[in-house]
Amino acid sequence: MDRRTFLKSGMLFGAFTALSGFSLGSTAIAENLADGNDKLPFKKVVKTDDEWKRILTPEQYRVARASGTEEPYSSPLNKNYRQGVYTCVCCDLPVFSSKTKYNSDTGWPSFYAPIAKINIAEKIDNSLRETRTEVLCNRCDAHLGHVFDDGPKPTGLRYCMNGVAMKFVKTK
Ligand SMILES: [Zn+2]
């Protein structure tokens, strides 16, 4: 079994990292993948595609409900460094905080950690040739972006998010 095939299996992923001493960033990703939804502190939000289409703009729907990607540098949140919380555009669950936001120069709002690990879900994404880890809202399964292991300290992670999939709520 090659490594990519192995990575597709969520159940085996934890064992793989334990055995191989995978890099720190990827281990952190693997821990999130292994979390599961057994003890969520919130109720899942489930709506039909038609219901989401009524609530969201076409671009919000394309990115958050159909795993799209916004154009880089298109979101006003990319250069937003005010203090506050970033919530899921679909269900308003807080997903990121200004405290972990940094300038990744990628054109997408970037964070080195989520606001709480339980608020996001991470899933292996093989839609491109490269295997990536998709980041979703853990309450409504909105597609938010991807996480990579080339981020800054202290986590070494880069949560590369679509600004259109989030709302910014300013705090004092
Ligand atoms: Zn959500």
Subject >> Solvent-accessible surface ranking, highest first, for 172, 39, 123, 101 at 1.4 angstrom >> reply: 172, 39, 123, 101
Original post:
Roughly how much of residue 44 is accessible, in Å² to the nearest 10, using a 1.4 Å probe?
Top reply: 70
**OP:** Order 73, 81, 86, most accessible first, counting only protein heavy atoms with a 1.4 angstrom probe.
**Re:** 73, 81, 86
Subject >> Surface accessible to a 1.4 Å probe, residue 69 within the full protein complex, Å² >> reply: 70
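In terms of the Cα gyration tensor, with a ≥ b ≥ c the square roots of its eigenvalues, is the stretch 94-161 rounded because a/c is under 1.5, prolate because a/b exceeds b/c, or oblate?
Numbers: a/c = 1.73, a/b = 1.10, b/c = 1.57.
Taking the square roots of the gyration eigenvalues as a ≥ b ≥ c, the stretch 94-161 is oblate.
Suppose all protein chains stay in the model; what accessible area per residue would a 1.4 Å probe give for the stretch 40-122, in Å²?
It amounts to 53 Å² per residue over the stretch 40-122.
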**OP:** Considering the options 106, 63, 87, tell which one lies farthest towards the positive end of the dipole of the stretch 43-172, charges being +1 on Lys and Arg and -1 on Asp and Glu at the Cβ, about the Cα centre.
**Re:** 87
**OP:** Pop a pseudo-label 7 angstrom from the Cα along the beta-carbon direction at both residue 39 and residue 125 and give the gap in nm to one decimal.
**Re:** 2.9
Original post:
What net charge is computed for the residues neighbouring residue 62, neighbours being all others with C-beta under 11 Å from the C-beta of residue 62, Lys and Arg scored +1, Asp and Glu -1?
Top reply: 0
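For the stretch 31-172, what % of the accessible area comes from carbon and sulfur atoms, probe 1.4 Å?
51
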Original post:
In the structure shown, do any of 101/153; 39/153; 53/117; 123/153 have a Cα-Cα gap over 20 Å, and if so which?
Top reply: 39/153; 53/117; 123/153
Original post:
Under 11 Å from the 7 Å Cα→Cβ point of residue 55, by amide nitrogen: which residues of the stretch 73-88?
Top reply: 88
Original post:
At a probe size of 1.4 Å, how large is the accessible area of residue 62, to the nearest 10 Å²?
Top reply: 100
Subject >> Whether the stretch 31-148 is rounded, prolate or oblate, judged on the alpha carbon gyration tensor where a/c under 1.5 counts as rounded >> reply: rounded
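The values are calculated or read from the model by the stated rules, or taken from the named source; none is laboratory data. These numbers were taken from a predicted model, which means no experiment stands behind them. Glycine also receives a Cβ, built like all others from the backbone with ideal geometry; neighbour counts cover every protein chain displayed. In case anyone asks, the SASA skips ligands and DNA or RNA and just uses the protein heavy atoms, side chains included. Shrake-Rupley method; radii C 1.70, N 1.55, O 1.52, S 1.80 Å.
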